[in-house]
Structures are given as structure tokens and as C-alpha cells.
Amino acid sequence: MILKVYTSLLLLFLVNSVWTRTVRQVYDDLDPGHWSHYTSECPQECFCPPSFPNALYCDNKGLKEIPPIPARIWYLYLQNNQIETISEKPFANATHLRWINLNKNKITNSGIENGVLSKLKRLLYLFLEDNELEEVPAPLPVGLEQLRLARNKISKIPEGVFSHLENLTMLDLHQNSLLDSALQSDTFQGLNNLMQLNIAKNSLKKMPLSIPANTLQLFLDNNSIEVIPENYFSAIPKVTFLRLNYNKLSDDGIPPNGFNVSSILDLQLSHNQLTKIPPINAHLEHLHLDHNKIKSVNGTQMCPVSIALEEDYGYYGNIPRLRYLRLDGNEIQPPIPLDIMICFRLLQAVVI
């Protein structure tokens, strides 16, 4: 199970290197005699590297509009400009686009021509971070795999906007203006292959509803969440990395076994209002509890298995797998209790 999870994460995080190998297969076979042709059709505002014929670099050019995109382009870089609109005309011949980076522009929802994005049938990666969007743009290309919308002004997610995005693996909505009311029970319906959901730095007071069941990474830092509903994580049985730093969680807001979930390997609860360590699962490997209000640590109570039973089975039993424990910024006085070390034999680092 754990090997399968790490394999999936490796695919997610190393996607850029995979694309690089794919691109190399394209331009390694390129006839140098064709370079002049590629250069001649390159928009004068942009750069078309002869060694990378499927890429068009128009970033940091002070552009106010998107230039005509040649048909051969797969990778389009338009970040750090003054672009306000996305219209259909520049993409008339760009039927092979896989990747568009429009980060750090001035794009608004009214500036996106209706249907222009959904017509990019082969688009897999769409980056629209640091713009002026007030809602998730729609409709979107059905084959999309990554959608990055961080640092906009998004307060609304149109109904059904994700319903056909079955290939989407990453959705980044962090640092927007989302309230609980924006996340309905069907908001994420259709995201059957989502692996990473980032809703950090919004204005949520509750855990979001109906997270896709295959989600591995859930990031909810810097909200105002106070309560974890009973059995919340049973609906997302594969969640492995959970970040809830900088919220308002107290002991009363966490069910007795709220975080005793076998799939969770990395649990981050820093900068909350906890006075004691919540029950954890023996599979947990990283636990961040720094900057809470914890006054003491009882290793026997914290241990997810009986210490006596653990001694009987030794390293061949189901011993706790915790390797990293962070407790600094609390009211705990060193030294580290001996029963912590007896229970968590695999500990490599404790910050106290």
C-alpha cells in the first residue's frame, strides 16, 4: 500500500522530468536545416530556441496581448507580462498545445473569451497563478491534468466546472478568497483521479465537503478551521499527506480518533490551539505539533500500541513508524521522556 502511494507521488512530483524526456525525443531528431523555418514563423516578441522547436518563450516581454501561436508549439510560456485577455484568435492554429503558463498577468474572468480554453483539446497543464480571477474559469479542457490558480481573488467555483475533468491530478486554489459556502457537496464531483488538492490560505472555517476519494495530499493551512468532523477521513481513505497548520483547532474540535488513520504518513498540525497530543496511528512517520499549547508529553499515552506488546514482538511486529516529531514552540520542558524513545524506536529526530 505504502509503496503504491509513494509511486503515485513520484509520478506527480517528477512530472516535469518526464516531460523533458518526451521533448528530447522530439528535438533530437530535428533536421538543423529546418531551423530557419522555425525562426521565421516565430512571433517577433518571443524567442523560439532552435534546440527546443516545440516551445515558445514570450515571458517577461511586457506583452499586453497573446501573439499568434504557431501550429508546432506544445509549450507556451507567457508569464510575467501585462496580458488582460485570452481570446480565440491567437490560438487558431495552436491545436497541439500541451502546456500554457500565464502566471503573473492581469487576466480577469471577463477577459477570457467564452469557450476559448475548452477548445484547446490537447492541453494538459494550465497555469493561471497571480492573476485577477474572481472565479474558476469555465469551461476547461477535458484532458487537463494540472490546474494552478493560486493567488487570485477567487471566491466562486461555478457549478459543474470540474465535472468532466477526470484526468486532473492536481488542483491548486491556495491563497484565494474562498468561503465555506463556495465549497458545496458536489463542487469536486468528477475529479476521480485527483491526487493533490491545495486550498490553503483561504477563509474556510470548516473542513471542505466531499473531497475526491483518491486524494493523497490535502493542504488546508492558514484557514480558520476549528473542527474535524467524526469519521471525516473515511471518505478519503488514501490521504497520505495532511496539512492543517495555522488553523484554530483545539482538543475539543478533534474526535477521539480523528487522526488515527492508517493511510496518513505525514500529519502537520503546527500553530493551532492543542493542549495535548491527539491519538495517532502506528503508520504515521512525520508529526508536526510545534507552536501549540502542549505542556507535557506522556509517551505511554501517546504510543499507538502497547509498549509491553511492542517489546514482545520487537522489530518484527507492528512497531510505530514515527521518524520525525516536532514539539518546539509549546510549553514542554526537556529532556525528552524516556517512554517516547521506548515506543518510537525508529525516531530519527525530535525537536522540543
Q. Can you name every residue in the range 160-191 that is open to solvent by 20 Å² or more (accessible area, probe 1.4 Å) and more than 16 Å from the chain's Cα centre (by Cα)?
A. Gly160, Ser163, His164, Glu166, Ser177, Leu179, Asp180, Ser181, Gln184, Ser185, Asp186, Gln189
Q) For the subset of the range 193-238 comprising residues that are within 19 Å of Val261 (Cα to Cα) and small (Gly, Ala, Ser), which member is most open to solvent (accessible area, probe 1.4 Å)? A) Ser234
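Quick check on my filter: what residues within the range 286-295 are open to solvent by 10 Å² or more (accessible area, probe 1.4 Å), within 14 Å of Leu325 (Cα to Cα) and free of Cβ contacts under 8 Å to residues at least 40 places away in the same chain?
His286, His291, Asn292
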Q. Quick check: is even one residue across the range 148-159 touching a residue at least 40 places away in the same chain (Cβ under 8 Å) and either on the phi < 0 side of the Ramachandran plot or open to solvent by 30 Å² or more (accessible area, probe 1.4 Å) (or both)?
A. yes
Q) Condition test on His271, is it touching a Phe, Trp or Tyr at 6+ places or on another chain (Cβ under 6 Å), surrounded by 14 or more Cβ atoms within 10 Å (Cβ to Cβ), modelled with pLDDT of 95 or more and within 21 Å of Asn223 (Cα to Cα)? A) yes
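Being outside any loop (DSSP other than H, G, I, E, B) and free of Cβ contacts under 8 Å to residues at least 60 places away in the same chain is the filter; apply it to the range 96-125 and report the residue that is most open to solvent (accessible area, probe 1.4 Å). So that I can check it myself, show each step before the final result.
From the range 96-125, those outside any loop (DSSP other than H, G, I, E, B) are 99-101, 109-112, 125; that's our starting set.
When the remaining residues are screened for being free of Cβ contacts under 8 Å to residues at least 60 places away in the same chain, the result is 100-101, 109-112, 125.
Working: Ile100: 2, Asn101: 18, Asn109: 45, Ser110: 114, Gly111: 12, Ile112: 29, Tyr125: 4 Å².
For the range 96-125, the residue satisfying everything is Ser110.
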Q.
Against the conditions (1) assigned to a loop (DSSP other than H, G, I, E, B); (2) open to solvent by less than 20 Å² (accessible area, probe 1.4 Å), where does Asn93 fall short? Just the number, please.
A. (2)
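The values are calculated or read from the model by the stated rules, or taken from the named source; none is laboratory data. Computed from a predicted model, the values in this text were never measured in an experiment. Neighbour counts run over all protein chains shown; Cβ positions are idealised from the backbone, glycine included. All accessible areas refer to the heavy atoms of the entire protein, side chains included, with ligands and DNA or RNA removed. Shrake-Rupley method; radii C 1.70, N 1.55, O 1.52, S 1.80 Å.
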